[in-house]
């Protein structure tokens, strides 16, 4: 029997009254957790021994991060008749975890030892103080005016006595002070031991002490075993993100491999102990329906020289953000792997066969999966307008048979050495991508605007014309020949009255690269020691009275 909880039913159930057979304390545990990118669905289970009659199942170990608006209950062996929920005034939860109790006992034992050291040190300091008091008394005795009438023999005896007693008291005070210092020297080690014990307790005691109070009223038609299952989404912070590392292997046929897994953390106020974990690529919190497209009303009127008009007209064409399309993974479970992929329905669910444990607010769990490898074309890409060196780029096609999700911080390795970190935007199955693997310091770039010297023309501007001449160079200071792709640009226009002409020597191999107007690409092999020059001239012309923007 499944029961979907709403706030209304929670309040209404509190008025129910029955002749109860008794309260049954139920301790449920987290059994299954499907994790989404920023959300998790918690499944809790508890085995029951149900006597005949009407009873109340008392659950007091559910964390306050549980979203009871999404609560569903499955009950076997009994019929649910009502539900009572209490958020405040919850009876105290008994902390009877043996590991927690043992850690607390260690702290109490260390604190007792520290107090013993303080007591022993106090006794030694007290003995030293008593000896110093005796010395003070003897000093006052030696200066007593009544001794002036004593004879020489008596004075010698008194002086000898004061000297002996003062010496003994001084030695006693010194010995007591040394004993006190030796005792207090133990405090530093004990304080370190106490700090370590407190940290150990903090590592164990990660769970919130405040919990919810849930009462399920049931009618048991026949005594016997039963089971209670609760499912809800958590309001606590739960994160899952792909854990990627790109590896480029050079020499012979270049290859790129992706070592992948998932990182998971949670801060629900409750530790997950040996749970059955599934990671889903779906994002329930994202947009789930198409955007509303309002009608577009346009009108004409007398033009005005309003500088804001152009901005306002542009805002009329602002497009609504398109809903995200989730990647569909086509991979089945791999033989011998500790995980499998479910591609039925929307999105993909990765299920891990081994139970996992994640402490609340402390652990970041990384689940390793597999390593996918594909062939790569390695070349140098140069952007002289922005960079001083070329960069090593591996061009690949996603031949892995599944979509790759986006990740924020991905290390890139070349021949086993870390060369850079970069964000990864994700890659659909069959899609091509260019991955950067660091700078090639020996491929030097320059882009110079030619000056007005030796007959050369630099930037020449007139009222309705602008001319520019640049020289682009790429020098190979390495010991190997590099296939080089060099990118530069020329301006483009969408107005017929603005004419743009350009000439390049040599001509670029590609124009409007990646459908970006004005982006040019030259492709050639650059041998060791070779210096390749490109000359690019651009002329812009427009009617008199207009201004170039």
Checklist outcome for this item: Taking r as the C-beta separation of residue 192 and residue 539 and R0 as 56 Å, the FRET efficiency to the nearest 0.05 is 0.15
Next on the checklist: At R0 = 25 Å, how high is the FRET efficiency between residue 481 and residue 253 if r is their beta carbon distance? Nearest 0.05 is fine.
Outcome noted: 0.90
Item to check | Ordering of 223-233, 494-504, 33-43 by packing [mean C-beta count within 10 Å, highest first] | outcome: 33-43, 223-233, 494-504
Next on the checklist: With the crude spin-label approximation of a point 7 Å out along Cα→Cβ, what separation in nm comes out for residue 492 versus residue 38?
Outcome noted: 3.5
Next on the checklist: Report the gain in length on full extension from residue 23 to residue 72: 0.36 nm times residue separation, minus Cα-Cα distance, nm rounded to one decimal.
Outcome noted: 15.5 nm
Checklist entry - Mind ordering 276-284, 394-402 by average Cβ neighbours within 10 Å, highest first? => result 276-284, 394-402
Item to check | residue 441 paired with residue 175, simple spin-label distance in nm, labels 7 Å along Cα-to-beta-carbon | outcome: 7.0
Next on the checklist: Need one number: nm distance between label points at residue 245 and residue 119, each 7 Å from Cα along Cα→Cβ, rounded to one decimal.
Outcome noted: 5.5
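State the dimensionless ratio Rg/Rh of segment 450-541 (Rg: radius of gyration of Cα atoms; Rh: Kirkwood radius).
Result for segment 450-541 is an Rg/Rh of 1.04.
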Checklist outcome for this item: Subtracting the Cα-Cα distance of residue 525 and residue 464 from 0.36 nm times their residue separation yields 18.0 nm
Checklist entry - Going highest first, how would you order 210-221, 425-436 by mean Cβ packing within 10 Å? => result 210-221, 425-436
Checklist outcome for this item: FRET efficiency (residue 501, residue 64; Cβ distance; R0 51 Å; to 0.05) is 0.15
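Coordinate-derived values only; no laboratory data. Every value quoted in this text rests on a predicted model; they were computed, and no experiment measured them. For neighbour counting, all protein chains shown are included, and Cβ atoms are generated from backbone atoms with ideal geometry for every residue, glycine included.
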